[in-house]
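Colleague: Handing you a structure now.
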Amino acid sequence: MLLLVSGASGVGKTTARLHARPLLDESVETAELFTLGEIPAVPTIAWRQQQVEVAVRRAIELNARGEHLLFAGDPVPLGEVLAAPSADRIDVAACLLDIDEQTHLARLAKRGDPEELIPLHQGFAAWLRTHATDPSHLPEAVTRDAWPEMRWHRWTNRAPGPEWAVEIIDTSPLTPQQLGAEVAAWCRRALTGRAPVFPAGWFDQD
């Protein structure tokens, strides 16, 4: 299975991955974009989507031997994973890390993000929040300037419904250790069928 932990910049995705890792057994490998390949000097949306396909293929490799991939650390939305060319060959579970506005601003300021980028981070956080429940909401946020191989038709015409299920964790009040524990617990629920999963058969035919 591919276990996606999504979220905007500054919500705690890398922190979640690092603190969840010791709480998971050895059947779960962890990754983010920089562990899957070199990051270019100017990353683009198309490059990110190509790397998502790399993550999906790694999950397929692991799945063949009964293992799983926890993909966390980058602002990769569920729609990008489901649209990756090979995603119809792997089960996918998705978790969104969300955050309140004031805590988000404080974290972005603490890490020194340029002021001109802060509205973009906040806007993407708002889009991800809606994307977690409504696949039809402004798909152009990720389909514009996209990698041509993406299979957007798998989800862009779908209406909101119970099958579009993403677990949401509010990271605002959590310590790094608490966040790691929450994400590890979600991973275990997904792997044991107690959290929603997008099975490979969920996809429309290409």
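Every number in this text was worked out from the coordinates using simple rules, so none of it is lab data. This one's a predicted model, so the numbers in the text were calculated from it and none came from an experiment. Glycine gets a Cβ as well: all are built from the backbone with ideal geometry, and neighbour counts include every protein chain shown.
Colleague: Which count do you get for residues in the range 155-178 that are within 17 Å of the chain's Cα centre (by Cα) and over 16 Å from Thr133 (Cβ atoms)?
Modeller: Here the count works out to 1.
Colleague: Would you mention how many residues in the range 1-43 are over 13 Å from the mean Cα position of the chain (by Cα) and not charged (D, E, K, R)?
Modeller: Qualifying residue count for the region: 20.
Colleague: Taking strands (runs of 3 or more DSSP E) that fall entirely within the range 1-108, which contain at least 3 residues that are over 22 Å from Ala126 (Cβ atoms) and of a type outside the set (S, T, N, Q)?
Modeller: Output list reads 28-31, 68-72.
Colleague: Would you pick out the residues in the range 110-131 that are among the charged types (D, E, K, R) and closer than 19 Å to Val76 by Cβ?
Modeller: Asp113, Arg129
Colleague: For the range 179-194, state whether one or more residues are crowded, with 17+ Cβ neighbours inside 10 Å, within 15 Å of the chain's Cα centre (by Cα) and over 17 Å from Ala20 (Cα atoms).
Modeller: Checking the range 179-194: not a single residue is crowded, with 17+ Cβ neighbours inside 10 Å, within 15 Å of the chain's Cα centre (by Cα) and over 17 Å from Ala20 (Cα atoms).
Colleague: In the set Thr15, Thr44, Thr30, which member is among the β-branched types (Val, Ile, Thr) and surrounded by fewer than 18 Cβ atoms within 10 Å (Cβ to Cβ)?
Modeller: From the options Thr15, Thr44, Thr30, the qualifying one is Thr44.
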